[in-house]
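The values are calculated or read from the model by the stated rules, or taken from the named source; none is laboratory data. Owing to the predicted nature of the structure, the values given are computational and were not obtained by experimental measurement. Note that we place each Cβ from the backbone using ideal geometry, even for glycine, and neighbour counts take in every protein chain shown. Note: accessible area is taken over every heavy atom of the protein model, side chains too, but ligands, DNA and RNA are not part of it. Shrake-Rupley method; radii C 1.70, N 1.55, O 1.52, S 1.80 Å.
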Amino acid sequence: MVDFSLTDEQHALREMAHDFAAKEIRPVAWEFDKEGTWPAEIIKKAWEVGLMNSHIPEEYGGPGASYFDGCLIEEEFGWGCSGIGTSLAANGLAGAPLLLGGSEELKRKYFGMLVEEPKLAAFCLTEPDAGSDVSGMRTTAVRKGDKYVINGSKCFITNGGYADWFTVYAKTDKDAGHRGISAFIVPKEAGVIVDKKEDKMGQRASNTATITFNDVEIPADHLLAEENKGFKLAMMVLDRTRPGVAAMAVGIARAAFEFAVDYSKQRVQFGVPIAMHQAIQFMIADMATDIEAGRLLTWQSAVLLDQGKRNTLASSHAKRFAADAAMKVTTDAVQVYGGYGFIKDYPVEKLMRDAKIMQLYEGTAQIQRLVIARETLLPRRVDEPAAAVA
Ligand SMILES: Cc1cc2nc3c(=O)[nH]c(=O)nc-3n(C[C@H](O)[C@H](O)[C@H](O)COP(=O)(O)OP(=O)(O)OC[C@H]3O[C@@H](n4cnc5c(N)ncnc54)[C@H](O)[C@@H]3O)c2cc1C
């Protein structure tokens, strides 16, 4: 039986996340976007009310929320401001490799840091010459006795400038392509250098930085999973985090849709509110359908995870569709506003800029289609358990 209704607890969680987005995020979202202001106070408040680190299990001090519950929170963050929402949610991305491949000691220590104080972690996969194709990464980790020595540079790292620890992917076998990648936990204090803060088109309140490692030494036990299993670990991480990104895209689309509906009822042209014109009604109708469909795909991809099943195909369907829908819905929202939509005094141009990144990070729209094509042409069973890495 399929039941799309939320439990009382899920209703309460969604309401709490919505209230937080409405009271703490929305009032400053457009102002923070202007200057690219870092939302330090909002991060502190979200941590205090328990809206951060939702996936950290209870045994490590977290709430141990389900992936589905995480999506409820992320849709509301996306509705409030996806730039601030990305800053609040990125610990989930950085923490996923630790959850899947870390030892007990590592989990206690590094999840402990996040639950004891409003601290941040960052996920370091992308490099200047290795984006969609991470097998070309140049960062290396060389084992020397009981340590690894890391050298290289990572770009576009969310929360990079403010993180206290990093999950870092590096080559442990330079000639083995994606089979030569390993993953590590690297504490900031090991000597991590923050090089550059990007000036972005959208999500301007999030921090995106270049991170450099010059002979950074870490204990050998900071390896996650096994040597040369980092690529598989990264793919498993993205299966788990793409539903959250899709949820955020649904939130952006919902925000643009609400603004467009309100405006269409107020703006009068040719003697009637523009909502009376069928061309506008059809845009509003398509927006509504895209939001519903995006949410359903997102929920399905999260529920599969919560059931311990493989969700590779479902999470790419969700991320691909919700991101493209967010771009279309926000672009059409600008259309509904007409010329005013293009002006910064009105709310929808920010949402259109913010939506663009949803088609780029955590696997571009094209990479999602590659995954969908592969999983469709060479199907794997969805009831295969979502395997552990180590
Ligand atoms: C704001 C922001 C935050 C980010 N946060 C993080 C982070 O926290 N951690 C992290 O590790 N990375 C992060 N990234 C990096 C992001 O994941 C990459 O930008 C993304 O994976 C694409 O890589 P690329 O930019 O090098 O583009 P490229 O891989 O160079 O792609 C360029 C174009 O070619 C297309 N393309 C590439 N290969 C193929 C193919 N085989 N078939 C068809 N089309 C293809 C792409 O879809 C794209 O349209 C972030 C990026 C941004 C902009």
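Answer yes or no as to whether V272 is without any contact (Cβ under 8 Å) to a residue 40 or more places away in the chain and closer than 20 Å to F166 by Cβ. Break it down into steps so the answer makes sense when it comes.
Details: without any contact (Cβ under 8 Å) to a residue 40 or more places away in the chain: yes; closer than 20 Å to F166 by Cβ: no.
The answer is no for V272.
Rundown of residues vs (1) within 20 Å of F282 (Cα to Cα); (2) of a type in the set (D, E); (3) more than 15 Å from the ligand (Cβ to nearest atom), yes/no style:
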residue: G308; (1), (2), (3): no, no, yes
residue: N311; (1), (2), (3): no, no, yes
residue: A314; (1), (2), (3): no, no, yes
residue: R320; (1), (2), (3): no, no, no
residue: M327; (1), (2), (3): yes, no, no
residue: E349; (1), (2), (3): no, yes, yes
residue: Q366; (1), (2), (3): no, no, no
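Within region 161-183, count every residue that is of a type outside the set (D, E, K, R) and surrounded by fewer than 24 Cβ atoms within 10 Å (Cβ to Cβ).
Residues in region 161-183 being of a type outside the set (D, E, K, R) and surrounded by fewer than 24 Cβ atoms within 10 Å (Cβ to Cβ): 7 in total.
Is it the case that some residue within region 80-89 is closer than 30 Å to K344 by Cβ, within 16 Å of the ligand (Cβ to nearest atom), over 12 Å from the mean Cα position of the chain (by Cα) and not in a helix (DSSP H, G or I)?
yes
For region 105-147, give me each residue that is away from the ligand (no atom under 11 Å from the Cβ), open to solvent by less than 80 Å² (accessible area, probe 1.4 Å) and out of contact with any strand residue (DSSP E or B) (no Cβ under 9 Å at 6 or more places or on another chain).
Listed by number, the residues that qualify are K107, F111, G112, V115, P118, G145.
Just give me the residues in region 1-51 being under 21 Å from the mean Cα position of the chain (by Cα) and in a loop (DSSP other than H, G, I, E, B), in sequence order.
Passing the criteria: G36, T37, W38, P39, G50, L51.
Restrict the check to region 272-292 and report whether at least one residue is part of a loop (DSSP other than H, G, I, E, B) and either among the aromatic types (F, W, Y) or in contact with a helix residue (DSSP H, G or I) (Cβ under 9 Å, 6 or more places away or on another chain) (or both).
Yes, region 272-292 contains at least one residue that is part of a loop (DSSP other than H, G, I, E, B) and either among the aromatic types (F, W, Y) or in contact with a helix residue (DSSP H, G or I) (Cβ under 9 Å, 6 or more places away or on another chain) (or both).
Taking region 212-248, which residues are over 24 Å from the mean Cα position of the chain (by Cα) and either aliphatic (A, V, I, L, M) or under 23 Å from I84 (Cβ atoms) (or both)?
Answer for region 212-248, where residues must be over 24 Å from the mean Cα position of the chain (by Cα) and either aliphatic (A, V, I, L, M) or under 23 Å from I84 (Cβ atoms) (or both): V216, I218, A220.
Looking only at residues in region 36-59 that are acidic (D, E) and without any contact (Cβ under 8 Å) to a residue 40 or more places away in the chain, which one is most open to solvent (accessible area, probe 1.4 Å)?
E58
Given the conditions (1) surrounded by fewer than 24 Cβ atoms within 10 Å (Cβ to Cβ); (2) in contact (Cβ under 8 Å) with a residue 12 or more places away in the chain, which single one is not true for H277?
Here H277 clears every test but (2).
Given the conditions (1) crowded, with 20+ Cβ neighbours inside 10 Å; (2) within 17 Å of E189 (Cα to Cα), and given that T158 satisfies all but one, which numbered condition is not satisfied?
So T158 meets the others, but not (2).
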